[in-house]
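The values are calculated or read from the model by the stated rules, or taken from the named source; none is laboratory data. Just so you know, these numbers come straight off a predicted model, no measurement behind them. So basically every Cβ, Gly included, is an ideal-geometry build from the backbone, and we count neighbours across all protein chains shown. Quick note on the areas: whole protein, heavy atoms, side chains included, nothing else; ligands and nucleic acids left out. Shrake-Rupley method; radii C 1.70, N 1.55, O 1.52, S 1.80 Å.
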Amino acid sequence: MRLAVLGGGGFRVPLVYGALLRETAKPRVEQVVLYDVSQDRLEAIRHVLGQLAAGHDDPPEVLTTTDLDTALRDSSFVFSAIRVGGLAGRTADERVALDLGLLGQETTGPGGISYGLRTIPVALHVAERVAALAPQAWVINFTNPAGMITEAMRHVLGDRVIGICDSPIGLIRRAAVALGLDPARVSPDYVGLNHLGWLRGLTYQGRDVLPGLLADDAALRQVEEARIFGGDWVRTLGALPNEYLYYYYFTRESVAAISGQTRGESLVRQQDDFYAAVRARPEEALAEWVRARRLRDESYMAEAREPTAAGARDAADLEAGGYEGIALALMAAIARGEPTSMILNVRNGAAVPGLPADAVVEIPCAVDGAGVRPLATRPLPGRFLGLVQQVKAVEQAAIEAARSGSARLAVEAFALHPLVDSVATARKLLDGYRARIPELAAAIPGSSDTGGRTTI
């Protein structure tokens, strides 16, 4: 099989290739094509992958290209992990919001809308080229905000695009381990949107064991999300929230914690140092990547862990892996026809009552050689459903804004978000993002006051 990785010069690509090196079952990926707009980044990652492959028999061949069509042609699977605007765009996503006193975060709140608005036109172009050059390929979308981007790409690819995220599986793994259970033997009742969901139940041998975990202070302290949110709050909710819900439940604390150096600003320095080191010492590429990865992982969501005294990330979480394992498990289940269940970002249909049928939701799914089938969920209680409905409305407004170039709809998306407090502020957000991010200015022209061009 041929696998195309879009964003192939990205820092996480060695995780995917390392997982491929451990694959032995047939059919297996024989050729990996890395696509990126930056030849320098591709070259750096190529050095890392070459050193990862040393000592392995018959490792997957690695090709690099800056031509999208070359990467896509004849591919069986496409992993899409692009970052339109680069880390400079991410820092603007964060800083423009913070300068207005709002949450500055990559995928949640105003920053997530900005990221989606500039990314959707590119993602749609990718989808159109996949449809033209590799119509039988499956697209596995890593690109954030994953739910929004997956939903947009569905307009072209339908069910052949599937979104993934490692946050739910990490939460489920931590909950199972805290109870002394094998994570592979529990069945989760998890429902929501990407970066906005709740683990409401955990079935083991026919019995829901989550209430026992919520009642056990010692066991709860082993779950990072419980340490972040606090035992009293998760018991009030009757569920374990996805870590990104911290930004909704503790908004003021989040804004205060991020008001210094943002995550994006930190990563700019880390990644600049990594790529510069590899250019200077290509023979040490793998060692430099390992060092930079450890630093990146340890500092993940520090703005939530530090104010709550949640402590350092567990060593087991750092070693467990994330996106790469989910993507390869999904690819293997489809390619080999081996039935499994996974939490994925897929079309809702009737699986989550109260949400539109065409909405992409993050829920348990059955996967086999025929593709992915969402599993029905219990209705969400009002305290969860209202938030999910509001954020989904924001996502769908942003998708239509990006597809049409409508500034009016872009303002609507910002204004409707529960973490933005006024229409006037929404207009300032759009103007601020367009001033700092050329890709967003190109995607959404026109005045934020008049609505710009509208074609819907």
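Test Leu430 against the stated conditions and say whether it is assigned to a helix (DSSP H, G or I), free of Cβ contacts under 8 Å to residues at least 24 places away in the same chain, open to solvent by less than 10 Å² (accessible area, probe 1.4 Å) and within 20 Å of Thr108 (Cβ to Cβ).
When the stated conditions are applied, Leu430 passes them.
Looking at the stretch 275-293, which of its residues are aliphatic (A, V, I, L, M), over 13 Å from Gln51 (Cα atoms) and in contact with a helix residue (DSSP H, G or I) (Cβ under 8 Å, 6 or more places away or on another chain)?
Taking the stretch 275-293 as the starting set, the residues that turn out to be aliphatic (A, V, I, L, M) are 276-278, 280, 285-287, 290, 292.
Checking which are over 13 Å from Gln51 (Cα atoms) leaves us with 276-277, 280, 292.
Hits for the stretch 275-293 are Ala277, Ala292.
Output the number of the condition that Glu43 fails; it satisfies all remaining conditions of (1) buried (at least 20 other Cβ atoms within 10 Å of the Cβ); (2) in contact with a Ser or Thr (Cβ under 9 Å, 6 or more places away or on another chain); (3) not aliphatic (A, V, I, L, M).
For Glu43, the failing item is (1).
For the stretch 247-262, check the following and say yes or no: at least one residue is modelled with pLDDT of 95 or more and open to solvent by less than 10 Å² (accessible area, probe 1.4 Å).
yes
Can you confirm whether the stretch 63-78 contains a residue that is touching a residue at least 24 places away in the same chain (Cβ under 8 Å) and under 17 Å from Ala146 (Cα atoms)?
yes
Among the residues of the stretch 62-82 satisfying the criterion of being part of a loop (DSSP other than H, G, I, E, B) and of a type in the set (S, T, N, Q), which is farthest from Gly163 (Cα to Cα)?
My answer is Thr66.
Please work out which residue is nearest to Gly10 (Cα to Cα), limiting yourself to the stretch 118-161 and to residues that are of a type in the set (A, V, I, L, M) and open to solvent by 50 Å² or more (accessible area, probe 1.4 Å).
If we filter the stretch 118-161 for residues that are of a type in the set (A, V, I, L, M), which is where we start, we get 120, 122-124, 126-127, 130-134, 137, 139-140, 146, 148-149, 152-153, 156-157, 161.
With open to solvent by 50 Å² or more (accessible area, probe 1.4 Å) added as a condition, the list becomes 122, 132, 156.
On the way: Val122: 17, Ala132: 25, Val156: 25 Å.
Going through the qualifying residues, I end up with Val122.
Which pairs have Cβ atoms under 7 Å, sit 6 or more apart or on different chains, and link a residue in the stretch 1-20 that is assigned to a loop (DSSP other than H, G, I, E, B) to one that is of a type in the set (Val, Ile, Thr)?
Correct list of pairs: Met1/Val29; Gly7/Ile82; Gly8/Ile45; Gly8/Thr64; Gly9/Ile45.
Applying the selection to the stretch 73-111, what residues are hydroxyl-bearing (Ser, Thr, Tyr), under 18 Å from the mean Cα position of the chain (by Cα), within 20 Å of Val126 (Cβ to Cβ) and open to solvent by 10 Å² or more (accessible area, probe 1.4 Å)?
Thr107
Can you report the number of residues in the stretch 325-348 which are farther than 17 Å from Thr150 by Cβ, among the charged types (D, E, K, R) and either in contact (Cβ under 8 Å) with a residue 40 or more places away in the chain or open to solvent by less than 20 Å² (accessible area, probe 1.4 Å) (or both)?
1
Please go through the stretch 398-427 and give me each residue that is among the charged types (D, E, K, R) and either surrounded by fewer than 17 Cβ atoms within 10 Å (Cβ to Cβ) or outside any helix (DSSP H, G or I) (or both), ordered by number.
Asp421
Filter the stretch 162-181 down to residues that are out of contact with any helix residue (DSSP H, G or I) (no Cβ under 7 Å at 6 or more places or on another chain) and farther than 30 Å from Phe77 by Cα and give me whichever is surrounded by the fewest Cβ atoms within 10 Å (Cβ to Cβ).
From the stretch 162-181, those out of contact with any helix residue (DSSP H, G or I) (no Cβ under 7 Å at 6 or more places or on another chain) are 168, 180-181; that's our starting set.
After this cut, where a residue has to be farther than 30 Å from Phe77 by Cα as well, the list is 180-181.
Working: Gly180: 8, Leu181: 16.
Filtering first and then ranking leaves Gly180.
Go through the stretch 21-49 and report how many residues are in contact (Cβ under 8 Å) with a residue 60 or more places away in the chain and of a type in the set (Gly, Ala, Ser).
So the count comes out to 2.
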